[in-house]
Amino acid sequence: MRIRRTQRAAEGVAGYLFLLPFLLWLLIFFAYAFVRSVYFSFTDYNLFQPPVWTGLANYLALFREPLFLTALRNSLAFALVVTPAQTLLAFLLALVLNQKLRGILAFRSAYYMPSVTSSIVITLIFIWLYQRQGAINYLLTLGRAYGHLVLAGLALLVLFQLAQVLLERRRGLPAGWTDPVLGLSSLFLAVGAVAALVAAGVLPLARPADPVSIIWLNTTDRFPQGPISAPIPLIAIMLMNIWTTAPTFMLLYLAGLQDVPRELYEAAAVDGAKPWQQVVHITWPQLRPVTFLVLTLGLIGTLQMFDQVAIIGDQAPLQSTITLAYYVYHNAFPPGAIPRLGMASAAAVVLAVLTLCVVWLQRRVLRY
Amino acid sequence: MFRITHLPVRGVALMLAVAIVCASLLVAAVPGPAQAKERVVRVSGWGGTDIAIVEELIDRFVKPQVAKEGIVVKYEPVADEFSTYLMNSLSAGTAPDLFYVDIYWSHGVFASGAVEPLDSYLAKSRVLKARDIVPDLLKAFTLNGKIYGIPKDFNTLALFYNKDLFDAAHVPYPNANDNWNTLTEKLRKVTNKSKGIYGIALTPEFARFGAFAYAAGFKPFDAQGHTDLSQPAFADAFKWYTGLVREGIGVLPADLGQSWGGGAFATEKVACAVEGAWMLGFLRDQAPNLPYGVTLLPKNPKTGKRGNIIYTVSWSMNAASKDKDAAFRVLEALTSPEAQQWILERGLALPSRAKLANNPYFQKGTPEAQANKIVFAGASDGYVYPFSFGKYGGDWMTPINEALAAVMSGKATADQVLPDLTARLRQLTK
């Protein structure tokens with residue numbers, strides 16, 4: 001017995017010894033820094049003169065400052081749009097990439113690329129894409145000129161498919177609405193019909209249209225107009241951010257998909273569940289823990305968005321892109337002026353409390 | 001859960017844990033390389049094109065001068081966010097002995113008490129006297145009567161024009177006699193909507209607009225340090241500057257897919273741009289075949305004066321430097337007449353020593369020498385203010401820039417934004 005006890009005690013010591021370096025690191029760089037920040041948030045401090053206690057003055061000043069309120073609105077809008085969008089995109093990507101296809105690994109690597117590329121590099125590339133005569137406006141211009149052909153083709157595709165399925169059924173053959181073989185022939189028919197319509201002059205090849213010249217970054221405009229709107233540069237960052245973070249969460253969903261028992265799908269198939277019913281009633285509920293994790297990480301990440309705003313920098317007006325995390329930095333090192341550490345710390349504390357509240361709310365809603 | 005049952009394994013695990021902890025503690029305790037007895041002076045500034053220049057400057061003019069006194073110069077450029085780096089290192093006590101201070105953020109650094117006043121050193125020095133330096137530049141680095149930095153060089157704004165576009169439209173080039181009205185007429189004639197040619201590229205920034213506001217007689221701060229934008233001079237300049245764009249004579253660089261006036265000028269779609277000598281290197285690289293000329297900014301028709309903004313950078317000394325005499329010896333060498341002559345002749349920047357104004361370099365006929373001459377002259381012609389807004393820094397300009405952007409992009413009129421703008425600046429500087 002006694003040997004057992006000393007043995008166990010020694011094991012405990014070994015465990016704590018292993019933990020010690022990380023605990024020290026955590027204590028110095030997180031716990032100590034956090035406590036200091038909270039203290040600074042109640043003081044007037046510029047890095048040079050010793051901090052002067054001012055009580056709640058910084059917090060009161062924050063909520064009176066238009067730039068802070070703008071940052072707060074921008075951060076909330078960013079989190080509310082980006083988190084659901086990237087979660088849904090990640091889920092769909094994972095479903096697609098979970099198929100047993102030849103060369104699926106190559107596709108998985110390709111879709112994962114945006115997440116392993118440095119966000120600095122991606123932001124610089126997007127600054128180019130978003131230019132007035134950049135690739136995104138060019139694609140939109142193409143869409144405006146040739147979009148009617150795509151729309152006509154889609155409409156014809158649906159029509160041909162309907163006609164073919166009805167014909168098959170009249171012959172007494174079982175044909176689903178999304179029968180792939182019929183779909184393929186409908187697609188060829190639709191493409192041919194569009195080509196014929198263009199050749200006959202019924203449809204113009206390209207509609208005359210001015211090139212799209214949306215200003216994505218250097219503008220203070222908002223979209224859509226009305227009470228619920230976001231600055232266009234912020235929307236540009238949202239699109240970029242969804243694109244770069246969705247693949248990371250896709251990886252979590254892919255891992256989760258491996259754990260869904262095969263038998264559930266087999267039983268559902270026996271009961272006659274269609275593929276989309278299997279996704280809605282088996283896959284999605286089974287992935288609930290993963291969704292919880294993805295939403296939590298997504299909310300924390302989006303509320304604390306900093307790097308892409310910082311890199312876009314002078315390319316867009318400050319009030320159109322500023323987020324809370326960037327507001328903290330902007331106050332710690334205001335351009336051309338002396339640091340305002342008190343204000344920066346107060347904003348950082350507000351950001352931390354806000355993040356905690358939002359994640360707590362999300363836990364309550366999902367009840368996990 | 002697995003349990004360590006065999007003694008040897010447990011022993012190994014314990015030893016490993018102890019070893020890791022010891023190693024992590026050791027790393028922190030290892031002493032740095034032993035301090036040599038030489039007098040080390042650390043010099044720092046921002047990176048970019050400055051690195052090659054300062055390296056050569058130190059090798060050619062500083063090291064030979066100070067080596068015999070046992071002073072070793074260590075150059076430590078910082079690639080990005082230099083002012084952030086400097087604020088941090090000054091407050092943490094790890095700052096270099098000599099460093100750049102940009103006039104734009106100089107006030108906060110000087111007021112912090114972390115920068116050494118240089119008056120007593122200048123009084124003792126045999127080679128560097130306060131009277132050697134262009135007075136307006138030295139004044140810009142003076143706070144409460146004390147000199148906190150020796151300007152290393154400076155820049156002002158000038159009017160760059162594209163000779164081809166003026167020739168094609170049969171319009172005479174802008175010249176030093178132009179005022180706002182005559183220049184507007186010239187620009188109107190050069191503008192050609194069908195070819196997409198604009199008269200002038202104007203950015204919605206006080207950093208350019210300010211020169212015109214000053215020309216009209218606008219004073220950024222009154223004797224009490226308040227800002228009053230209700231001065232008629234400010235509204236006059238605001239309406240003229242934004243009106244050029246609203247009339248279609250001027251264009252925002254952003255509308256040409258460019259981020260600054262120089263970029264717009266290089267597209268050859270605009271006939272004029274308001275920039276400083278930093279344009280020269282840019283045009284040499286980006287538009288080597290663009291035939292350009294440079295002239296002084298136009299005069300305000302009412303005051304008959306020009307305005308301008310001085311952009312300048314100083315060498316300043318760390319108040320916590322261990323060997324201030326050595327640091328000042330290095331500062332003397334960095335700003336010596338020979339060093340400044342070399343910088344000027346290389347066309348790198350304009351010198352801050354007053355005597356170099358009559359340098360033969362300025363008499364050369366090359367466009368670059370001419371441009372430098374105009375930029376040098378701009379510092380002492382009319383109402384000239386340094387690019388500095390005291391303790392307010394960028395916060396002082398932000399409301400003005402926003403108002404300029406709103407009017408120049410057509411979202412509001414000058415009369416709509418000016419009352420609110422006046423109130424915001426009054427609130428900021430109250």
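Just so you know, all these numbers are worked out from the coordinates, no wet-lab data involved. All figures in this text were calculated on a predicted structure; none of them were measured in a lab. Here the Cβ is made from the backbone with ideal geometry for all residues, glycine too, and neighbour counts use every protein chain on show.
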Item checked: chain B: DSSP helices with Cα axial extent of at least 18 Å and average Kyte-Doolittle hydropathy no lower than -0.5 -> B:7-29, B:232-246, B:394-408, B:414-428
Check: Which whole-number percent of Cα pairs in the range B:130-245 have a distance greater than 19 Å?
Finding: 61
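Below 8 Å between Cα atoms, with a sequence gap of 6+, how large is the relative contact order for chain A in percent? Provide the component values of the computation, followed by the final result.
Values: 378 pairs, mean separation 110.0, N = 368.
Value for chain A: 30 percent.
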Checklist line | Taking all pairs of distinct alpha-carbon atoms in the range A:138-199, Kirkwood radius in angstrom | finding: 12.7
Note to self: Using Cα-Cα distances under 8 Å and only pairs 6 or more residues apart, what relative contact order does chain B have, in percent?
What the structure shows: 24
Next item on the list: Take every Cα pair under 8 Å in the range A:138-199 that's 6+ residues apart, average their separations, divide by the length, and report that relative contact order as a whole percent.
Entry: 41
Item checked: Potential extension, B:Ala423-B:Lys139 segment - 0.36 nm per residue separation minus Cα distance -> 99.2 nm
Checklist line | FRET efficiency, A:Leu76 to A:Leu101 (Cβ-Cβ, R0 45 Å, nearest 0.05) | finding: 0.65
Item checked: Residues B:Lys139, B:Lys373 arranged by fewest to most Cβ contacts within 10 Å -> B:Lys139, B:Lys373
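Apply 1/(1 + (r/R0)^6) to the Cβ-Cβ distance of B:Asn88 and A:Thr54, taking R0 = 25 Å, and write down the FRET efficiency to the nearest 0.05. Intermediate values should be presented prior to the final figure.
Numbers: r = 23 Å, r/R0 = 0.91.
Efficiency computed from Cβ-Cβ geometry: 0.65.
Could you line up B:Trp342, B:Trp396 from fewest to most neighbouring Cβ atoms inside 10 Å?
Values: B:Trp342 17, B:Trp396 21.
Least to most surrounded, the residues fall as B:Trp342, B:Trp396.
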Check: Going by average Cβ neighbours within 10 Å, how do the peptides A:188-199, B:233-244 rank, with the highest at the top?
Finding: B:233-244, A:188-199
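Percent of Cα-Cα pairs more than 42 Å apart in chain B, please. Show your work: numbers first, answer last.
Working: 23437 of 92235 pairs.
For chain B, the share of Cα pairs beyond 42 Å comes to 25 percent.
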Check: Which whole-percent values make up P(r) of chain A when all C-alpha to C-alpha distances are grouped in 20 Å steps starting at zero?
Finding: 19, 44, 27, 8, 1
Checklist line | Local electrostatic count at B:Trp240 - Lys and Arg +1, Asp and Glu -1, tallied over other residues with Cβ under 15 Å | finding: +4
Item checked: Dmax and Rg, reported as Rg then Dmax, of the range A:270-317 (C-alpha, Å) -> 19.0, 60
Item checked: the range B:332-430: radius of gyration over Cα atoms, expressed as a fraction of 2.2 N^0.38 Å -> 1.59
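Calculate the mean, over all residues of peptide B:390-398, of how many other protein chain Cβ atoms lie within 10 angstrom of the residue's Cβ. Kindly include the intermediate steps, with their values, before the conclusion.
Values: counts 2, 3, 3, 5, 6, 5, 2, 2, 5.
Across B:390-398, the average partner-chain Cβ count within 10 Å equals 4.
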Check: Along the Cα-to-Cβ line of A:Tyr39, 7 Å from the Cα, sits a label point; which residues in the range A:53-82 have backbone N less than 16 Å from it?
Finding: A:53-55
Next item on the list: With springs connecting C-alpha atoms under 10 Å apart, model chain A as a Gaussian network and identify which of A:Leu149, A:Leu162, A:Leu257 has the largest mean-square fluctuation.
Entry: A:Leu162
Margin query: What does the extension gain come out to for A:Ala193 and A:Ala61, with contour length at 0.36 nm per residue minus their alpha carbon separation?
Written below: 40.9 nm
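For a footprinting-style exposure proxy, rank A:Asp307, B:Asp325 by other Cβ within 10 Å, fewest first. Don't skip to the end; give the middle numbers.
On the way: A:Asp307 15, B:Asp325 12.
So the residues, fewest neighbours to most, are B:Asp325, A:Asp307.
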Note to self: I need the P(r) histogram for the range A:1-151: all alpha carbon pairs, bin width 5 Å from 0 out to the longest distance, whole percents.
What the structure shows: 2, 6, 6, 7, 9, 12, 12, 10, 10, 9, 7, 6, 3, 1, 1, 1, 0, 0
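How would you rank B:148-154, B:88-94, highest first, on the average number of other Cβ atoms within 10 Å across their residues? Don't jump to the answer; show the numbers that get you there.
Details: B:148-154: 25.0, B:88-94: 14.4.
Descending mean neighbour count gives B:148-154, B:88-94.
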Next item on the list: Using the Cα centre as the reference, give the magnitude of the dipole from point charges on the C-beta atoms of the protein assembly as shown (Lys, Arg: +1; Asp, Glu: -1; all else neutral), rounded to the nearest 20 debye.
Entry: 1320
Item checked: Debye-sum result for the range B:290-363 in log10 I(q)/I(0), which assumes one identical scatterer on each alpha carbon, at q = 0.13, 0.20, 0.25 Å⁻¹ -> -0.63, -1.02, -1.20
Notebook entry, point to check: Once the Cβ-Cβ distance between B:Glu76 and A:Ala206 is put in as r, and R0 is 45 Å, what FRET efficiency do you end up with, to the nearest 0.05?
Noted result: 0.15
Item checked: Other protein chain Cβ atoms within 10 Å, averaged over every residue that makes up A:42-48 -> 3
Item checked: the range A:4-46 - Debye-derived log10 I(q)/I(0), Cα point model, q = 0.28, 0.29 Å⁻¹ -> -0.88, -0.90
Checklist line | Mean projection area, nm², convex hull over Cα of the range A:143-245 | finding: 11.2
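What is the gain in length, in nm to one decimal, between B:Ala176 and B:Ala67 on full extension, counting 0.36 nm per residue of separation less the C-alpha to C-alpha distance?
Values: separation 109, 0.36 × 109 = 39.24 nm, distance 4.76 nm.
The B:Ala176-B:Ala67 span can extend by a further 34.5 nm.
Percent of Cα-Cα pairs more than 36 Å apart in the protein assembly as shown, please. Walk me through the numbers before you get to the answer.
Values: 191645 of 318003 pairs.
Percent of Cα pairs beyond 36 Å in the protein assembly as shown: 60.
What does the average come to when, for each residue of peptide B:107-120, you count the partner chain Cβ atoms lying within 10 Å of its Cβ? Don't skip to the end; give the middle numbers.
Working: counts 3, 8, 2, 1, 4, 6, 2, 2, 0, 0, 0, 0, 0, 0.
Mean shielding count: 2.
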Next item on the list: Please work out how many pairs of lysine residues in the range B:330-430 are eight or more positions apart (or on different chains) and have Cα atoms closer than 28 angstrom.
Entry: 4
